[in-house]
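Step one of this worksheet: look at the structure below.
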Amino acid sequence: MLPIFYINMASRPDRLQHIERQLRALGLTATRVEAVTPRDFSAELEERRRSGLVRLNAGEIACSLSHQSIWRTMLEQNIPAALILEDDVVLASDLPAVLRDPHLLDHAPDAIQLETHATAALVGRPVPTVVSGVSQNRLMSSSLGTAAYVMTSRLARRVLQRDDLEQMSVDSLLFGRPGGLFYEARIYQAVPALAIQLDQTREGKLSVGQSDLTGQRPPHRPAGPMPLRARLKRTANHWSHHLRILTTFGPTGELWGSRKLWLPVTDDLRRLM
């Protein structure tokens, strides 16, 4: 079984109870990691943030630093791979069986994205797991979210050496086009997804699923028509992405058999949404 870490803020005992209750029900044991908050920022970091040298807002920086603390722990303790969770995750009942699979990492993934935010992604051919109907598929486009993912120390070391950790959110870094890791590393997606965030459930939207970062995150896109320069940049990025897919996954043969898939979730998670 992989070691499991979860991030929790001391001011959110409701979320602590939420994730601990799930872990007990699934027979999983995990280590709590205290979440970083803006109050923990060094004076140097706060100055960079206020001066605009850091592109992320305070909540995004804190989230990223929380994940980085786990990656560093993995390296310090020589942990080859671990499951990393956020305290607002909702886990599928199939997850423990998948984690106990002795062959889970036989195909040398650097990371496995376990969640989805009801998005479409380009994925490669399925790699079966011990659970019938659940596979790992090579991720070839963005599948954002960091509520549940498996990460190797190999990738942790690589990511911590990057000089742009303060310039993009942690999910964009690991599983998004801006970070570019799915071109360079072996990133896989669980299909169907084995986790969602609590605010995707009917109950969670009204209670413990409400995020402390709400109101701190800027809107994904400002209101009104998109300026011409922005439209041209988006178009250029779109075609650059497709060209890179061809040059990355075409020569390896992984592109053949790939498909654009509206990522499903397991039946038990879907019933909560």
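May I ask you to list the residues of the range 144-179 whose amide nitrogen lies under 13 Å from a point 7 Å from Cα along the Cα→beta-carbon direction of LEU246? Backbone N within reach: none found. Would you mind counting up the charge near ASP163? Only other residues with Cβ under 14 Å from its Cβ, with Lys and Arg at +1 and Asp and Glu at -1. Within the 14 Å Cβ shell, the charges total +2.
Relative contact order for the range 19-172: 30 percent, from Cα pairs under 8 Å spaced at least 6 residues apart, divided by residue count.
Between ALA97, ALA111, ALA35, which gets the highest mean-square fluctuation from a Gaussian network model of the chain, Cα cutoff 10 Å? It is ALA97. DSSP finds beta bridges in the chain, and of those with both partners inside it, around 65 percent are antiparallel.
One decimal place: the segment HIS117-MET226 gains 36.8 nm when fully extended, by the rule 0.36 nm per residue minus the C-alpha distance. Its Cα centre serving as origin, the chain has a Cβ charge dipole (Lys and Arg +1, Asp and Glu -1) of approximately 960 debye. Computed over the chain with a Gaussian network model linking Cα atoms closer than 10 Å, the most mobile of ARG15, ARG231, ARG177 is ARG231.
Quick note: the coordinates plus some simple rules give every number you see, no bench work behind them. What you see is a predicted model; the values in this text were computed from it and never measured. Neighbour counts are summed over all protein chains in view; Cβ atoms, including those assigned to glycine, are modelled from backbone coordinates with ideal geometry.
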